Amino acid sequence: MSRLFYFFLCTALLLLVSCDRNTELAEDQIYIELCGNSELDTTNFSVLSFNRLSSTSFNSVSMVVNQLQPDFIGIQESYEIGKQIADRYNYCLYGNDAKSTAILSKYPVEVINDMYVKIILNQNQHLHFFNIHLPANPYQPYDIRDTLITTESQAIHQAEQTRGEYVDDLLFYVNQIDDTMPIVVTGDFNEPSHLDWVAGSENPIRFQIGDAPFTVNWPASNKMLNSGLIDAYRSVYTNPIDYQGYTWTPIINLNEVHDRIDFVYHNSSISVNSVFLIGPDNMSDIKISSYESDHRGVLVNFSFN
């Protein structure tokens, strides 16, 4: 394996310090594995967005990675597993044992900030890669179910209060990008898409008030699309009534509200060849045995335009 470094972001200084593999990480330290000089030599690549669930075993996560072999992974609830997966499958890693999010790449990474890396694909191409895990609570679909929220405007306002500033921070950096290279955003948004809560789809019918379906123009997905990004899953499966794409949750719970809250977004520099839901059941496009996460993953195969 290549050398290990810890990453410290100081006030005015970016400092890389060589450390022994057994050195413990402080909370503000970032584990980076600086990989070799591999280069992408095709026009295609694959991206996995995967909330592994913090209690999911290393073996279960290994089965997912081993079967899919994605070029890039945005993991949420990564913690110590990100480093173990990177070591086993020889990925570059940007992450921290104490943090939820980690980015794994088959190609070298240049760190921009805690959610954003530039991945060096080859001498002519790079990829702007973001990975986020937005706050889970309060979760507005549950509040709608429990009649704590009774109008669309309440749902939008409370979702914005919960996650709005985080989405704005993400899009600040997305909007600063001034080249034509691909942009990919992975993440557990913990908020449904406005493309899904439309008339005729399951949740608006389930929570119908009077004769009106409970449609919601969810703010996070609105902001993402208004910034010029594309929802990879919904660009292929455009009809949310026939293709719900639920990532939350394959675990059967009484009175659960199922939704699509895990996303891969991209810009127009790349196109989606195919997209798959990953999980343990028949609602998953790719079934994996011993799948332990409470989220289905999203695998997208891209090509350069």
Problem - Subset of the range 280-300 [part of a loop (DSSP other than H, G, I, E, B), in contact (Cβ under 8 Å) with a residue 60 or more places away in the chain and under 27 Å from THR42 (Cβ atoms)] - result: ILE288
Completion exercise
Cβ pairs under 7 Å, 6+ apart or interchain, first in the range 75-102 and more than 17 Å from VAL184 (Cα to Cα), second among the basic types (Lys, Arg) and part of a loop (DSSP other than H, G, I, E, B), ordered by first then second residue, are GLU77/ARG52; SER78/ARG52; ILE81/ARG52; TYR91/LYS106
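Take THR101 and decide whether it is farther than 24 Å from ASN267 by Cα and not acidic (Asp, Glu). Reasoning before the result, please.
Numbers: farther than 24 Å from ASN267 by Cα: no; not acidic (Asp, Glu): yes.
It is false that THR101 is farther than 24 Å from ASN267 by Cα and not acidic (Asp, Glu).
Checking the condition surrounded by 18 or more Cβ atoms within 10 Å (Cβ to Cβ) and either modelled with pLDDT of 95 or more or out of contact with any His (no Cβ under 6 Å at 6 or more places or on another chain) (or both), which residue from ASP259, ASP285 passes? Break it down into steps so the answer makes sense when it comes.
Details: ASP285 fails: surrounded by 18 or more Cβ atoms within 10 Å (Cβ to Cβ).
Just one listed residue meets the conditions, ASP259.
Is it the case, given these coordinates, that SER303 is more than 22 Å from ASP242 (Cα to Cα) and either basic (Lys, Arg) or assigned to a strand (DSSP E or B) (or both)? Outline the logic, then answer.
Values: more than 22 Å from ASP242 (Cα to Cα): yes; either basic (Lys, Arg) or assigned to a strand (DSSP E or B) (or both): yes.
So SER303 passes the test.
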Completion exercise
A careful count of residues in the range 197-253 that are farther than 25 Å from SER269 by Cα and outside any loop (DSSP other than H, G, I, E, B) gives 8
Exercise for the section: Inspect all residues belonging to the range 146-169 and state whether any of them is at pLDDT 95 or above, among the hydrophobic types (A, V, I, L, M, F, W, C), surrounded by fewer than 21 Cβ atoms within 10 Å (Cβ to Cβ) and under 30 Å from GLY210 (Cα atoms). Expected result: yes
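Determine which member of the set ILE132, ILE119 is in contact with a Phe, Trp or Tyr (Cβ under 9 Å, 6 or more places away or on another chain), hydrophobic (A, V, I, L, M, F, W, C), over 16 Å from PHE189 (Cα atoms) and part of a strand (DSSP E or B). Give the steps one after another, and end with the answer.
Values: ILE132 fails: over 16 Å from PHE189 (Cα atoms).
Result of the check over ILE132, ILE119: ILE119.
Pick from TRP218, TRP197: which is of a type in the set (Phe, Trp, Tyr), surrounded by 18 or more Cβ atoms within 10 Å (Cβ to Cβ) and free of Cβ contacts under 8 Å to residues at least 60 places away in the same chain? First the steps, then the outcome.
Values: TRP218 fails: free of Cβ contacts under 8 Å to residues at least 60 places away in the same chain.
Going through TRP218, TRP197 in turn, the sole match is TRP197.
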Practice task
Taking LYS287 as meeting all but one of (1) in contact with a Phe, Trp or Tyr (Cβ under 7 Å, 6 or more places away or on another chain); (2) of a type outside the set (A, V, I, L, M, F, W, C); (3) over 20 Å from ASN190 (Cα atoms), write down the number of the exception.
Solution key: (1)
Practice task
Sort through ASP28, ASP87 and tell me the only one that's modelled with pLDDT under 95, surrounded by fewer than 21 Cβ atoms within 10 Å (Cβ to Cβ) and in a helix (DSSP H, G or I).
Solution key: ASP87
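The values are calculated or read from the model by the stated rules, or taken from the named source; none is laboratory data. Note that this is a predicted model, so its numbers are computed, not measured. Reconstructed Cβ throughout: ideal geometry from the backbone, glycine too, with neighbour counts over all protein chains shown.
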